[in-house]
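Novice: Can you read through this structure? Questions will come right after.
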Amino acid sequence: MSIEKINPGDSTSLTVTRGAGSVEAVDMHGVYTAYCYDATGKVKWADEFPNAVTTVGKNLLLDTHFKTSNVTSATTTWYMGLIAANGYSAISTGDTMSSHAGWKESGENNASAPGYSQTTRRQITMAAASSGSKATSNAVVFSIGIAGTVKGAFIVNQSTKAGSTGTLYSAGLFTVGDKVVTSGDTLNITYTASA
């Protein structure tokens, strides 16, 4: 008769692996690309910077595209504005157009230069979505009339400069610091949204 002995230092382990389910996540994000040209058309600086998609922006997308009735209520016109460096402290995903205490819109008041000569925020024209992305079909143009320092850009579905209504979709800051613009400069910005 044989006796099997187990030494106290021995161990046995058993692993059972079952088929794991797959999870697909959708994370809304985007990238702004900016070029600043001087009055002669020479590039002064360029930057590409990510954004924070706000909670109210995500909610608008979800409410629009997963609505059980009247799906034609989608926002068809979006606008871009500039974020002034003066008075900046933070961007938050909780920001709205009526409450964004950490930043000011460029031209919001005399203290938030620079200013651009167009009378409204600049309208965005988007191309058709492809491969999970949707981009502006051409640059959004800001003609700088008042010199100052710009910190970034934002997107909203309301055209009034310094207005506090509409849904703030996203806001982003230049990646390499604040940018100085002078009167006569042209700031061209494009945007690509991805999921």
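Novice: For residues that are in contact with a strand residue (DSSP E or B) (Cβ under 8 Å, 6 or more places away or on another chain) and loosely packed, with under 15 Cβ neighbours inside 10 Å, scanning just the stretch 146-172, find the one that is farthest from T55 (Cα to Cα).
Specialist: Applying the filter and picking the extreme gives A147.
Novice: Scan (1) touching a strand residue (DSSP E or B) at 6+ places or on another chain (Cβ under 8 Å); (2) within 19 Å of F49 (Cα to Cα); (3) in a loop (DSSP other than H, G, I, E, B) for the single condition H100 breaks and write down its number.
Specialist: (2)
Novice: Still on this structure, please answer the following. Give the stretch 178-193 a look and list any residue that's small (G, A, S) and surrounded by 15 or more Cβ atoms within 10 Å (Cβ to Cβ), or say none. Lay out the reasoning, then the answer.
Specialist: Taking the stretch 178-193 and keeping what is small (G, A, S), we get 183-184, 193.
The answer is A193, and nothing else.
Novice: Something else now. Looking only at the stretch 63-83, filter to residues that are surrounded by fewer than 15 Cβ atoms within 10 Å (Cβ to Cβ) and either modelled with pLDDT of 75 or more or of a type in the set (D, E, K, R) (or both); which one of those is nearest to M126 (Cα to Cα)?
Specialist: Taking the stretch 63-83 and keeping what is surrounded by fewer than 15 Cβ atoms within 10 Å (Cβ to Cβ), we get 63-77.
If we keep only those that are either modelled with pLDDT of 75 or more or of a type in the set (D, E, K, R) (or both) too, we end up with 63, 67, 77.
Numbers: D63: 20, K67: 22, T77: 9 Å.
Top of the filtered list is T77.
Novice: Being surrounded by 12 or more Cβ atoms within 10 Å (Cβ to Cβ) and hydroxyl-bearing (S, T, Y) is the filter; apply it to the stretch 126-145 and report the residue that is modelled with the lowest pLDDT.
Specialist: S133
Novice: Which of the numbered conditions does G152 fail, given that it passes all the others? Conditions: (1) farther than 12 Å from I83 by Cβ; (2) part of a strand (DSSP E or B).
Specialist: Unmet for G152, out of (1) farther than 12 Å from I83 by Cβ; (2) part of a strand (DSSP E or B): (1).
Novice: Right, next: Yes or no: the stretch 118-133 includes at least one residue that is outside any strand (DSSP E or B) and over 21 Å from T33 (Cα atoms). Give the derivation first.
Specialist: Step one: of the stretch 118-133, the residues outside any strand (DSSP E or B) are 118-119, 121, 125, 127-129, 131-132.
With over 21 Å from T33 (Cα atoms) added as a condition, the list becomes 119.
For the stretch 118-133, residues outside any strand (DSSP E or B) and over 21 Å from T33 (Cα atoms): present.
Novice: Ok, one more. Condition first: under 16 Å from the mean Cα position of the chain (by Cα) and not basic (K, R). Now tell me which residues in the stretch 97-131 satisfy that.
Specialist: Result: M97, H100, G102, W103, E105, Q123, I124, T125, M126.
The values are calculated or read from the model by the stated rules, or taken from the named source; none is laboratory data. Quick caveat: nothing in here was measured; it's all calculated off a predicted structure. A quick note on method: Cβ atoms are made from the backbone with ideal geometry, for glycine too, and the neighbour counts reach across all protein chains shown.
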